[in-house]
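Each remark here refers to the structure printed beneath this line.
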Amino acid sequence: MSKGRRVRSRFLYVQCNHCNNKQVIFGCAKTKVNCLACNTPLLISTGGKALLTKNPVTKLPNAHILEILDRSL
């Protein structure tokens, strides 16, 4: 293992703004991620890091990040 290598992907602890459900999601998801409780889309894939989806009417994100989970080495 090389010493200069860094992990760039993270797990995110997010809360849905529609139903206040909290769940852990992967920050580099390759597919669309929906809320487990209300099925609202939370993340969309961009080919790299995923983006939080926005409500088309209010232009506000459908979820907000509560914590970035980092594994301790």
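The values are calculated or read from the model by the stated rules, or taken from the named source; none is laboratory data. What you see is a predicted model, and the numbers here were worked out from it, not measured in a lab. Neighbour counts run over all protein chains shown; Cβ positions are idealised from the backbone, glycine included.
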Is it fair to say residue 37 is touching a Gly at 6+ places or on another chain (Cβ under 7 Å) and not basic (Lys, Arg)? no
Which ones in the stretch 44-59 are closer than 11 Å to residue 30 by Cβ and among the polar types (S, T, N, Q)? 45, 46
So, residue 12, is that one among the aliphatic types (A, V, I, L, M), in contact with a Phe, Trp or Tyr (Cβ under 8 Å, 6 or more places away or on another chain) and surrounded by 13 or more Cβ atoms within 10 Å (Cβ to Cβ) or not? yes
If residue 29 satisfies every condition in (1) crowded, with 16+ Cβ neighbours inside 10 Å; (2) at pLDDT 90 or above; (3) among the aliphatic types (A, V, I, L, M) but one, which is the exception? (2)
Cβ-Cβ under 8 Å, sequence separation 6+ or interchain: first residue in the stretch 55-73 and among the acidic types (Asp, Glu), partner modelled with pLDDT of 90 or more and outside any loop (DSSP other than H, G, I, E, B). Which pairs? 67/12; 67/13
Taking the stretch 21-41 only, how many residues are farther than 14 Å from residue 11 by Cα and in contact (Cβ under 8 Å) with a residue 12 or more places away in the chain? 9
